[in-house]
1. At 0.36 nm per residue, minus the direct Cα-Cα distance, what do Glu71 and His39 gain on full extension? Give it in nm, one decimal, please.
2. Stretch Ile81-Thr24 to full length: gain in nm at 0.36 nm per residue minus the Cα-Cα span?
3. Please arrange Val62, Val57, Val27, Val91 by counting, for each residue, the other beta carbons lying within 10 Å of its beta carbon, fewest first.
4. As a test of the definition: which semi-axes, in Å, follow for the chain when you take the square root of five times each eigenvalue of its alpha carbon gyration tensor? Largest first, please.
5. Which whole-number percentage describes the relative contact order of the stretch 2-92, with Cα contacts under 8 Å and a sequence gap of 6 or more?
6. What does the charge count around Ala58 come to, taking other residues whose C-beta lies under 9 Å from its C-beta (Lys +1, Arg +1, Asp -1, Glu -1)?
Amino acid sequence: MRSRFTAFALGDEAHLLATWHPDTRPVQCPPDPDVRWLHLRIDEVVDGSPFHTTGTVAFTAVFRDSDGRGEMHERSRFERIDGAWFYLDGVHAG
């Protein structure tokens, strides 16, 4: 989760695509040059330990855009494939 937030903050589309689950990965996900990602807060983690193959992370990502400061709240699902975690999907809340 943290590496994906950093990739959004740096505009690293290659990392975002490489860590996206193959079943849900888009063809592209270009960064939005008008959004500046400021920081990430992990609100809850369910499963996702070395003994799990799936996990869920609820987080708040703080950003700034042309409208000012904002927050994005999401509950993201991840799946481990061959030892690596991949973003499967997420549901925005609020």
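Bear in mind that the values in this text are calculations on the coordinates, not laboratory data. What you see is a predicted model; the values in this text were computed from it and never measured. All Cβ positions, even for glycine, are placed from backbone atoms using ideal geometry, and neighbour counts span all protein chains on display.
1. Working it through step by step, the gained length comes to 10.6 nm.
2. Numbers: separation 57, 0.36 × 57 = 20.52 nm, distance 1.37 nm.
Stretched fully, the Ile81-Thr24 segment lengthens by 19.1 nm.
3. On the way: Val62 14, Val57 22, Val27 5, Val91 11.
Going from least to most buried by this count: Val27, Val91, Val62, Val57.
4. Values: eigenvalues 105, 53, 21 Å².
Ellipsoid semi-axes (Å, largest first): 23, 16, 10.
5. On the way: 164 pairs, mean separation 21.2, N = 91.
Once normalised by length, the contact order is 23 percent.
6. Working: positive: Arg75; negative: Asp43, Glu44, Glu74.
Summing Lys and Arg as +1 and Asp and Glu as -1 gives -2.
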